[in-house]
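Okay, structure first, notes after.
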Amino acid sequence: MRNPETILEVDDLRVYYATPQGDVKACDGVSFDLRSGEILGLVGESGSGKSTATGGVLRTIGSPGRIVSGTVTLDGEDILKYDDEKMRQTRWQKLSLIPQGAMNSLNPTMTISDQIADVIETHEGRQPADALRERIMTLFRRVGLPERIYSMYPHELSGGMKQRACIAMSIALDPLVIVADEATSALDVVVQRVVAQTMLKIKRELNVSFIMIGHDMGLMAQVVDRLAVMYSGQLLEIAAVRDMFARPAHPYSEILIESVPTLTERKPMKINEGITHDPRNPPSGCIFRLRCPHAMPVCSESRPDMVEVHPEQLVACHLWKKDENGSYVRQSV
Amino acid sequence: MSDNLFEIRNVSKIYGPEDTGLVALSEYSFSIPKEPAKIITIAGESGSGKSTLGELLLRSSPPTRGEILFEGVDIWKFNDQQKRDYHRHVQAVFQDPFGVYNPFYRIRHVFDMVLKNYRLASNATQGRELTEEALNAVGLRGDDVLEKYPHQLSGGQRQRIMIARATMLKPKFIVADEPVSMVDASLRASILDVMMKLRDDFGISFLYVTHDLSTAYQIGDQILLLYQGTVAEHGNAVDVITQPKHPYVQLLIDSVPKPDPDNPWPGEIELPAEEALRTPSAKGCRFCPRCPQRMPRCETESPERYDVGPDGHQAACFLYENGPMPSKTKESMSVDESNEHV
């Protein structure tokens, strides 16, 4: 799995939240890699651990959560071993975040440009005023914001503009990796399309890598290069987005793809229930078995390993078995 | 008595002073027949006036101008008994299935309150039966949910319980304001399915307020697309979504991300630098500053709604002044189409 162009490698990351009734394993042994200049989508329903997994990568997990084990290798170094000061320097510089709900993540008492200047000067020290202004203007142009917002406050901007201001801030220090947590889900479709276009343009021009968290499969299909599916703290499948849509390997990925309503065909809807178990007391074996239409006895006995069933398509499901030639085939049930 | 459940006559809603305030809904007329029950979708972007229309129908705020008739009577001229009946017949389901519950009470409390306030049952057994009936209608069982606390249920279940609560009152109309937007994509179908079932089996009409055109297409009978407080297009949901006529609606439908990696968005779009102000004195078509097909007159005159197809399919755009074929868009249409098949 070690790829020369891998920029970030997450291996067996475990993040637990302590509760009086025991730990909730919100991120339970998640492994994936992120390659240079790609957008990796991370999908799953609420509570599936998407934000917790990336919180582990950014090391922003607060009490009662804790990173239990695992490694997060960024640019050759395990950032989980960094001390707080080193980690502080790494954030924005190498690893930045476009937070969920940009409306509420900007400081309402500071102008947009002052907030971006703050990020730059905190990391690089005092800058000459002219150079700083020019640099911020360049950032604005990159994300398609007009120059007139330079001295505006967040409340004077529309939702789409605020979201692009957050993107401008996230690329201010030329990071290697940007985590975009539901960056477009509060926007309506036209604005969402503009913000997604902006992200694709940034990816192309700066060769930066994104982890994009979301639950809109339509948007994922439009934007990401590879897609990872999470369910209740575990990664179930990861594959190139075209392969995932053409031949989902995990029953849960199938359900996710089938339940996307389309504008081309009016058809009976596929009805699903949400996560059905108590996260403090997950089922034995496969985490998805209580909802799986193909559950077998073996599914309650052991947790399936992540195996590569097609080139670059990894899935954790007992349905896939090796045949006599050593290649994986999916059993029909 | 009128044959219409609702009649909305020239309603405007302006927030702030009447001459300089923000126009949330402008000169709007529409009627909703008693039968057959329908799911009427109101769609549009944030700030287009969707929720304002829902609020007006729920009687949470009065219109600035115009009147709203319910079964032939102006809802702002009701006496106390009529008000009580109205709030029973017109129910609401809101966006946030997490915020509407009091976390300290079990689910049972939601139903007990309704039973008590409307004196629906003469004894506990009958109350439990009514509750069970309502829960069954949304695909849940009392034994599974009534003794639970809200946090123990999924967003989809919570939203269905809200619909069950509304159903128990045997309403004629439910205003559902973004009922699925905070629920996970994979669970939305369960809620939409319940809405269709209540329409078909119980004859309840819905005002489905949403910004999600794909769900509107899946369940809507009629659709109304609002842009900055004005109706851009309305008609049969399938007609409007498969053959959009108004340039704004075309842009909107093109922008819905298709769940197909090989079928990307057609071309790049820009948002306009400045949004035209929505004061009552603003003239011309609201969409004009963003419209790729604008004409000089669009800046000064407001278009009426013109017929563009069967079953009351209308679009408010001068392109259709002379009939359903657009007057001058040959070039831009063909560009769009060639992009679509790349």
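The values are calculated or read from the model by the stated rules, or taken from the named source; none is laboratory data. Note that the structure is a prediction, hence the values are computed from the model and not measured. Reconstructed Cβ throughout: ideal geometry from the backbone, glycine too, with neighbour counts over all protein chains shown.
Which residues, counting only those in the range A:46-94, are more than 14 Å from chain B (Cβ to nearest Cβ) and at positive phi?
A:Arg59, A:Gly70, A:Asp75, A:Gly76, A:Trp92
Against the definition (surrounded by fewer than 16 Cβ atoms within 10 Å (Cβ to Cβ), among the charged types (D, E, K, R), modelled with pLDDT of 90 or more and farther than 26 Å from B:Val256 by Cα), how does A:Glu156 come out, yes or no? Full working, then the answer.
On the way: surrounded by fewer than 16 Cβ atoms within 10 Å (Cβ to Cβ): yes; among the charged types (D, E, K, R): yes; modelled with pLDDT of 90 or more: no; farther than 26 Å from B:Val256 by Cα: yes.
The answer is no for A:Glu156.
Only helices (runs of 4 or more DSSP H) wholly contained in the range A:186-276 count here; list those with 1 or more residues that are more than 10 Å from chain B (Cβ to nearest Cβ), small (Gly, Ala, Ser) and closer than 25 Å to A:Val10 by Cβ. Write out each step before concluding.
Working: elements: A:189-206, A:217-223, A:241-246, A:251-258.
The qualifying helices (runs of 4 or more DSSP H) are A:251-258.
All but one of (1) under 13 Å from the mean Cα position of the chain (by Cα); (2) over 18 Å from A:Leu42 (Cβ atoms) hold for A:Gln197; which doesn't?
With respect to (1) under 13 Å from the mean Cα position of the chain (by Cα); (2) over 18 Å from A:Leu42 (Cβ atoms), A:Gln197 is out only on (1).
Can you find even one residue in the range A:251-259 that is more than 30 Å from A:Leu290 (Cα to Cα), surrounded by fewer than 22 Cβ atoms within 10 Å (Cβ to Cβ) and either out of contact with any helix residue (DSSP H, G or I) (no Cβ under 9 Å at 6 or more places or on another chain) or not hydrophobic (A, V, I, L, M, F, W, C) (or both)? Can you show your working first?
First pass over the range A:251-259, keeping only residues more than 30 Å from A:Leu290 (Cα to Cα): none.
The answer is no; no qualifying residue exists.
Can you pull out the residues in the range B:44-60 that are surrounded by 24 or more Cβ atoms within 10 Å (Cβ to Cβ) and either without any contact (Cβ under 8 Å) to a residue 12 or more places away in the chain or among the basic types (Lys, Arg) (or both)?
Scanning the range B:44-60 gives a single hit, B:Lys50.
So, in the range B:14-43, how many residues would count as being crowded, with 16+ Cβ neighbours inside 10 Å and closer than 22 Å to B:Pro62 by Cα?
Summing the residues that are crowded, with 16+ Cβ neighbours inside 10 Å and closer than 22 Å to B:Pro62 by Cα in the range B:14-43 gives 13.
Which numbered condition trips up A:Arg291, out of (1) assigned by TED's automatic domain parsing to the domain that holds A:Leu13; (2) over 30 Å from B:Gly267 (Cα atoms); (3) out of contact with any His (no Cβ under 6 Å at 6 or more places or on another chain)?
(1)
Find the residue count for the range A:305-333, including only residues that are β-branched (Val, Ile, Thr), within 18 Å of A:Gly29 (Cα to Cα) and exposed (fewer than 12 other Cβ atoms within 10 Å of the Cβ). I'd like the intermediate steps shown before the answer.
Filtering the range A:305-333 for residues β-branched (Val, Ile, Thr) gives A:307, A:309, A:315, A:329, A:333.
Keeping just the survivors that are within 18 Å of A:Gly29 (Cα to Cα) gives A:307, A:315.
Next cut, exposed (fewer than 12 other Cβ atoms within 10 Å of the Cβ) only: none.
So the answer is 0.
Given the conditions (1) under 16 Å from A:Gly29 (Cα atoms); (2) without any contact (Cβ under 8 Å) to a residue 24 or more places away in the chain, report the number of the one that A:Tyr82 does not fulfil.
(1)
Can you pull out the helices (runs of 4 or more DSSP H) entirely within the range A:1-117 that have at least 1 residues that are within 25 Å of B:Met182 (Cα to Cα)? Let's see the steps before the verdict.
Working: elements: A:50-58, A:84-93, A:102-105.
Those helices (runs of 4 or more DSSP H) span A:50-58, A:102-105.
Take the residues in the range B:201-221 that are under 26 Å from B:Arg290 (Cα atoms) and either part of a strand (DSSP E or B) or among the hydroxyl-bearing types (Ser, Thr, Tyr) (or both), then tell me which one is nearest to the chain's Cα centre (by Cα). First the steps, then the outcome.
Filtering the range B:201-221 down to residues under 26 Å from B:Arg290 (Cα atoms) leaves B:209-217.
Retained after the next criterion (residues that are either part of a strand (DSSP E or B) or among the hydroxyl-bearing types (Ser, Thr, Tyr) (or both)): B:209-210, B:214-215, B:217.
On the way: B:Val209: 2, B:Thr210: 5, B:Ser214: 13, B:Thr215: 11, B:Tyr217: 12 Å.
It comes out as B:Val209.
Please specify each residue of the range B:129-159 satisfying the condition of being over 18 Å from B:Lys197 (Cβ atoms), in a loop (DSSP other than H, G, I, E, B) and without any contact (Cβ under 8 Å) to a residue 40 or more places away in the chain.
The one that is over 18 Å from B:Lys197 (Cβ atoms), in a loop (DSSP other than H, G, I, E, B) and without any contact (Cβ under 8 Å) to a residue 40 or more places away in the chain: B:Ser154.
Starting from residues that are of a type in the set (Phe, Trp, Tyr) and out of contact with any helix residue (DSSP H, G or I) (no Cβ under 6 Å at 6 or more places or on another chain), keep the ones in the range B:172-211 and report whichever is nearest to A:Leu256 (Cα to Cα). Write out each step before concluding.
Here is the first cut: in the range B:172-211, the ones of a type in the set (Phe, Trp, Tyr) are B:173, B:202, B:206, B:208.
Subset that is out of contact with any helix residue (DSSP H, G or I) (no Cβ under 6 Å at 6 or more places or on another chain): B:173, B:202, B:208.
Working: B:Phe173: 32, B:Phe202: 30, B:Tyr208: 24 Å.
Once the filter is applied, the top-ranked residue is B:Tyr208.
Can you name every residue in the range B:222-252 that is in contact with a Lys or Arg (Cβ under 7 Å, 6 or more places away or on another chain), of a type in the set (S, T, N, Q) and in a strand (DSSP E or B)? First the steps, then the outcome.
Restricting attention to the range B:222-252, the residues satisfying the condition of being in contact with a Lys or Arg (Cβ under 7 Å, 6 or more places away or on another chain) are B:222, B:226-231, B:233, B:238.
When the remaining residues are screened for being of a type in the set (S, T, N, Q), the result is B:222, B:228, B:230.
Correct list: B:Gln222, B:Thr230.
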